[in-house]
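Here the structure comes first, spelled out in structure tokens, and everything after it is commentary.
The values are calculated or read from the model by the stated rules, or taken from the named source; none is laboratory data. Everything quoted here is computed from the prediction, not taken from an experiment. Every residue, glycine as well, gets a Cβ built from its backbone with ideal geometry; the counts of neighbours run over all protein chains shown. Just so you know, the surface numbers come from the protein's heavy atoms only, side chains and all, with ligands and any DNA or RNA stripped out. Shrake-Rupley method; radii C 1.70, N 1.55, O 1.52, S 1.80 Å.
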Amino acid sequence: MSQLELNTTSATARKTYFVDVMLPVPIPKMFTYRVPYELNEIVQVGCRVIVQFGSRKILTGVIGRIHEIPPEKYEAKTILELLDEEPVIHKLQITLFQWMADYYMCTLGEVLNIALPSGLKLSSESRIQLHPHFDYYGSSLEFSDKETLLLETLLKNDSLSYSEISKLLHQKTIYTIIKSLVYKEAVIIFEEVKEKYKPKKETRVRIAPHLLIDHQLEALFDLLASKPKQEAILLHYLQHVPVFNQPELNRQGLAKNTFGNGGLSESSLKTLVKNGVFEEFEIIISRFGSYDQQLTDITLTAEQEKAKANILESFKTKDTTLLHGITGSGKTEIYISLIQDALEGGSQVLYLLPEIALTTQIVTRLRKVFGDQMGVYHSRFSDNERVEVWKGVLNGKYQFVVGVRSSIFLPFDNLGLIIVDEEHESSYKQYDPAPRYSARDVAIVIAAHHHAKVLLGSATPSMESQYQARQGKYGLVKLTSRYGMAVLPEFAVADMIRERNKKLSKGEFSSLLIEAINEALDNKEQVIIFQNRRGYSPYITCHECGWIPKCTNCAVSLTYHQYRAELRCHYCGYKEPMPTTCEACGSTHLKTIGFGTEKLEEEIALLFPQAKVQRMDLDTTRRKNSYDTIIKDFEQGHIDILVGTQMVSKGLDFDNVSLVGIFDIDRMLHFPDFRSFERTFQLSTQVSGRAGRRGKKGKVVIQTRNTSQRILHQIISNGYQDFYETEINERKAHLYPPFTRIIGVTIKNKDPKTAKITAMKMGNLVREKIGTNRVLGPEEPIISKIRNEYLMELVVKLERSQINLGKVKSLLYESMLEVLQEKELRSSKIIFDVDPY
Ligand SMILES: [Zn+2]
Ligand SMILES: [Zn+2]
């Protein structure tokens, strides 16, 4: 119901309205509340409300629907407060959230919880205040020392939160004290709901407006002639705010901190404020600095121009188009040009990137072109920063957003174009918690809602997207030559078995790679070393008895991290000091097995003592700007050799890298997953693309124990087509996506036996309901225990056509409810993952 209708009806009769509210709790449906009469004319779909849920919880929800039907099964509570006069989410988003809940088999509350930045959610906190009728000084009751301290502090403060009280009393558990005081009717507890988002404010000063008329300012100068410090302040102000020529500028004033920073006396400014010459005021400012557009003209090469024309042509008949451009072919310029066109046409644009932190270079480049109208949205932002981008999209400040997967939730209402760059990247998939969505796939759904176009870009398209393009469902545009003068790199394969047998290799490095590194260093060129495993070694073992330290919470061996002399679990974060002796036999002969980035870094330092080495992996980039710092150092030539995990394969563009070394490709290939070949091909091709740019031919050395594997030759010959053909035939033969659709079912329980029984029952029931051939398992996954929960897995494989997906999903859901009804199995969790990556 629109507001207009509400206005007309409410004039005639006082109606009782109900709202269905989306709540950020895992319940499957919206919850209905009554609208107080005084809000009848202001409630709108998309506005936030505060409501009571259950007997104790106070929650913020979003109105999803307004109607006049009271709920059947329960009496509707009245909404406590309406938080927004204007909607914070659009109707299109509500449609999207509902679609996501259905498709990804989770609740609307779970979607909402992930969608809204926590700054838009409210937190409720219990606070304590003195009981209104309590007379501390007149009371004859006895209080303990701590109670006295608390009561006396409350006399001075209006109220205290639990955490403030705990700090005051220097103890963690304060409930007995509070309970006792409540019993004595000395204090009461209340819930305070507070908004998490805090606008950033700036204190400014301006000349008191009455001084700007009738030459009063000139008179003021005469008066201040004897007070040079105050005069300097007035001059500083007039220099920045030319009020003589443009008196209207006085209204916005000047930030107070510019005076102090300019070396001017702050106390003199204070005096001027006190004497009424200046007035102080506060304004809300953006957390993001302002940026100038520096470069508006993008010149495309003839090939880029042609590709752009082809994309536009394809958009005439296809909603989604795949741009397959080899690494370094200049896709970004084409994106920029398309974005400019879309913005000029008046529509919004969303540009998705797999990980912003890993793509600083692209963001910097876009910033130069789009300046302030571009918003950036990513996971390393604070909540307040995210709320600002959210609000900026709502109020039209940001017509264009570049962001990671969660930016699909932003409140767009008029998208014209969505670009999904590096569309093959697995970081577009959210694994945990629900909704377990793919931002690439959701982007295509959003585009349909907005009648917008989607451009998927990649040098190594996913099997799914390439297949859709071949089938004619997506448009396909190719870019086959490298941008500028760049040429594709030359490949060399190091046979590690031969190297080891002939004792040519040193440590993990083949003689071939050592030679190539020396050559690059001699030529003052840079090197990237890729090993997709962090830490020093994946495990250690006792030489005498074979003991291997395992995680206490997960069924995995602990990774050795030399830098901190620790063993760590990469699944749950458990860590312990590196043991000096075997815990089983007491031997001191412990050895490391396998290698990660840390060990390679150490070996590089020994093999190439003259080179400056830096490691880039999760361990060295945890802090907010550490990634940027490493990139900058590498760009400026302060680092000769960069060794890292898949982070080094992404979107980086370095002019002076002539060599890339790829380690342990065999391990990536033999990972037991139907996508392991696809992943290895993509990663190797992407990281190889970092070698040789701007006219220099680069070199790539791949180390392997099996030089004859076909996929190696497909990587070397840049044979994407060849790779695609073999891989798609494999998928077809074994009925894997894109020929089938997969729904993963994970069963978790703290007890291994219960996990197994639950999985068996679930498996049997699902087989019964949807057909034996469509269900695989249950099986123990490779890692059968994570964070003290034992796991079992079922795989549901569904044909692409002639199947009612919605029906299958509801059968799966029913099966789950049925299994979990059994008392002994109730402690199990059953989790669905639709289209797992
Ligand atoms: Zn663990
Ligand atoms: Zn031992």
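Structural remarks
- Failed condition for K201, given (1) in contact (Cβ under 8 Å) with a residue 12 or more places away in the chain; (2) assigned to a loop (DSSP other than H, G, I, E, B); (3) surrounded by fewer than 14 Cβ atoms within 10 Å (Cβ to Cβ): (2)
- Given (1) open to solvent by 60 Å² or more (accessible area, probe 1.4 Å); (2) touching a residue at least 40 places away in the same chain (Cβ under 8 Å); (3) of a type outside the set (S, T, N, Q); (4) within 16 Å of ligand 2 (Cβ to nearest atom), number of the condition I593 does not satisfy: (1)
Residue by residue, here is whether (1) over 22 Å from A516 (Cβ atoms); (2) touching a strand residue (DSSP E or B) at 6+ places or on another chain (Cβ under 7 Å) holds:
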position: T592; (1), (2): yes, yes
position: E601; (1), (2): no, yes
position: D617; (1), (2): yes, yes
position: G637; (1), (2): no, no
position: I641; (1), (2): no, yes
position: V648; (1), (2): no, yes
position: R667; (1), (2): no, no
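- Scanning segment 601-618 for residues that are in contact with a Lys or Arg (Cβ under 8 Å, 6 or more places away or on another chain) and open to solvent by less than 40 Å² (accessible area, probe 1.4 Å) yields a total of 2.
- Qualifying residue in segment 243-251 (condition: within 30 Å of R367 (Cα to Cα), among the basic types (K, R) and in contact (Cβ under 8 Å) with a residue 40 or more places away in the chain): yes
- Of the residues in segment 108-118, not one is acidic (D, E) and exposed (fewer than 15 other Cβ atoms within 10 Å of the Cβ).
- Contact annotation: residue pairs with Cβ atoms under 7 Å, 6 or more positions apart or on different chains, pairing a residue in segment 55-83 that is open to solvent by 50 Å² or more (accessible area, probe 1.4 Å) with a partner that is among the acidic types (D, E) and outside any loop (DSSP other than H, G, I, E, B), are R65/D20.
- So Y563, is it among the aromatic types (F, W, Y) and out of contact with any Phe, Trp or Tyr (no Cβ under 9 Å at 6 or more places or on another chain): no
- Residue match in segment 535-543 (condition: closer than 20 Å to K699 by Cα, assigned to a loop (DSSP other than H, G, I, E, B), away from ligand 1 (no atom under 16 Å from the Cβ) and open to solvent by less than 40 Å² (accessible area, probe 1.4 Å)): no
- Applying a threshold of 7 Å to beta carbon distances and a minimum spacing of six or more residues, or different chains, the list of pairs starting in segment 570-583 at a residue that is on the phi < 0 side of the Ramachandran plot and ending at one that is open to solvent by 100 Å² or more (accessible area, probe 1.4 Å) and within 10 Å of ligand 2 (Cβ to nearest atom) reads T580/T588; T581/T588; C582/E544.
- Whether a residue is touching a strand residue (DSSP E or B) at 6+ places or on another chain (Cβ under 9 Å), surrounded by fewer than 24 Cβ atoms within 10 Å (Cβ to Cβ) and not in a helix (DSSP H, G or I) was assessed, and F671 does not pass this test.
- Boolean, T621 is closer than 29 Å to R380 by Cβ, more than 16 Å from ligand 1 (Cβ to nearest atom) and not aromatic (F, W, Y): yes
- Residue in segment 348-361 that is under 14 Å from the mean Cα position of the chain (by Cα) and open to solvent by 20 Å² or more (accessible area, probe 1.4 Å) present: yes
- Wholly enclosed strands (runs of 3 or more DSSP E) of segment 548-599 bearing at least 2 residues closer than 15 Å to G535 by Cβ, more than 9 Å from ligand 1 (Cβ to nearest atom) and among the charged types (D, E, K, R): 575-577
- The criterion of being farther than 30 Å from S510 by Cβ and either modelled with pLDDT of 90 or more or β-branched (V, I, T) (or both) does not hold for G535.
- Top-ranked residue of segment 533-586 - restricted to ones that are within 16 Å of ligand 2 (Cβ to nearest atom) and charged (D, E, K, R), ranked as farthest from L600 (Cα to Cα): E583
- With respect to (1) at pLDDT 85 or above; (2) open to solvent by 30 Å² or more (accessible area, probe 1.4 Å); (3) not aliphatic (A, V, I, L, M), the lone exception for G253 is condition (2).
- Residues of segment 31-43 satisfying the condition of being assigned to a loop (DSSP other than H, G, I, E, B) and open to solvent by 40 Å² or more (accessible area, probe 1.4 Å): E41, I42
- Residue list for segment 619-655, filter: surrounded by 14 or more Cβ atoms within 10 Å (Cβ to Cβ) and closer than 18 Å to H561 by Cα: D619, T620, T621, V643, G644, T645
- Only one of the numbered conditions (1) free of Cβ contacts under 8 Å to residues at least 24 places away in the same chain; (2) within 19 Å of L659 (Cα to Cα) is violated by F530, and that is (1).
- Residue match in segment 608-620 (condition: more than 16 Å from ligand 2 (Cβ to nearest atom), on the phi < 0 side of the Ramachandran plot, modelled with pLDDT under 95 and among the aromatic types (F, W, Y)): no
- Scan of segment 71-130 for residues that are under 20 Å from the mean Cα position of the chain (by Cα) and either farther than 30 Å from Y813 by Cβ or of a type in the set (V, I, T) (or both), ordered by number: I89, V111, I114, G119
- Residue match in segment 121-133 (condition: under 27 Å from F18 (Cα atoms), touching a strand residue (DSSP E or B) at 6+ places or on another chain (Cβ under 9 Å) and among the hydrophobic types (A, V, I, L, M, F, W, C)): yes
- Selection within segment 208-242 - assigned to a loop (DSSP other than H, G, I, E, B) and free of Cβ contacts under 8 Å to residues at least 24 places away in the same chain: I213, D214, H215, A225, S226, P242
- Among residues of segment 703-716 that are within 21 Å of T460 (Cα to Cα), those with a Cβ under 7 angstrom from a residue that is of a type in the set (D, E) and surrounded by fewer than 20 Cβ atoms within 10 Å (Cβ to Cβ), sequence gap 6+ or separate chain, pair up as Q714/D722.
- Checking each residue in segment 309-342 for being in contact (Cβ under 8 Å) with a residue 24 or more places away in the chain, closer than 15 Å to I418 by Cβ and open to solvent by 30 Å² or more (accessible area, probe 1.4 Å) picks out K318, D319.
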